[in-house]
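What follows is a single structure, written as structure tokens, with notes after it.
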Amino acid sequence: MEPVIFLYGTLLRPDVLDRESGRAGLWRGLRPAMLHGYARVFLRGTPFPTLMRRKGAAVGGALLRADGETLARLNEYEGPPYRLVPVTVETERGPVRARAWMAPAWRADRRVWVGMP
């Protein structure tokens, strides 16, 4: 079975997801999801986001089913600071176990990330 990935940053942009995955229209298969107990913050020293635990916070995003080739391409795009970490997100159909790219906590800036400039 294809892994379920929670997207919460630049890969939510259809043009970025299509380009980096190598699959035009992949964004059409995204399903809305919410990750509770985390905040979307800056990855220290970059314009990109990561997630950090924060009581009472929630991050909106989307779920993607990724085949092996797509996952490999997206993992390359995310780069060395990020690792896939298990998370449980809420969807309109209930909780779903997924994975999300996150940097280690020491790489997270406390400033909330709202999108690319």
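Numbers for the structure displayed
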quantity	calculated
Count of segment 82-107 residues which are assigned to a strand (DSSP E or B), exposed (fewer than 13 other Cβ atoms within 10 Å of the Cβ) and among the charged types (D, E, K, R)	1
Residue check for PHE48: under 12 Å from the mean Cα position of the chain (by Cα), closer than 14 Å to GLY9 by Cβ, surrounded by 15 or more Cβ atoms within 10 Å (Cβ to Cβ) and not β-branched (Val, Ile, Thr)	yes
Complete set of residues in segment 1-47 that are among the aromatic types (Phe, Trp, Tyr) and assigned to a loop (DSSP other than H, G, I, E, B)	TYR8
Selection count, segment 60-81, where residues are surrounded by 21 or more Cβ atoms within 10 Å (Cβ to Cβ) and either among the basic types (Lys, Arg) or modelled with pLDDT of 95 or more (or both)	3
Boolean, ALA57 is at pLDDT below 95 and either within 22 Å of ASP15 (Cα to Cα) or in contact with a strand residue (DSSP E or B) (Cβ under 9 Å, 6 or more places away or on another chain) (or both)	no
Residue check, ARG110 under 20 Å from PRO47 (Cβ atoms), part of a strand (DSSP E or B) and touching a residue at least 60 places away in the same chain (Cβ under 8 Å)	yes
Tally of residues being on the phi > 0 side of the Ramachandran plot, without any contact (Cβ under 8 Å) to a residue 24 or more places away in the chain and in contact with an Asp or Glu (Cβ under 8 Å, 6 or more places away or on another chain) across segment 1-44	1
For THR50: the one exception among (1) of a type in the set (Val, Ile, Thr); (2) within 20 Å of VAL4 (Cα to Cα); (3) not in a strand (DSSP E or B)	(3)
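Conditions tested, residue by residue: (1) of a type in the set (Val, Ile, Thr); (2) more than 12 Å from the chain's Cα centre (by Cα).
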site	(1), (2)
THR10	yes, no
GLY29	no, yes
ALA33	no, no
HIS36	no, yes
ARG40	no, no
ARG44	no, yes
GLY56	no, yes
GLU78	no, no
THR91	yes, yes
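The values are calculated or read from the model by the stated rules, or taken from the named source; none is laboratory data. Remember, predicted model here, so these are calculated numbers, not experimental data. For neighbour counting, all protein chains shown are included, and Cβ atoms are generated from backbone atoms with ideal geometry for every residue, glycine included.
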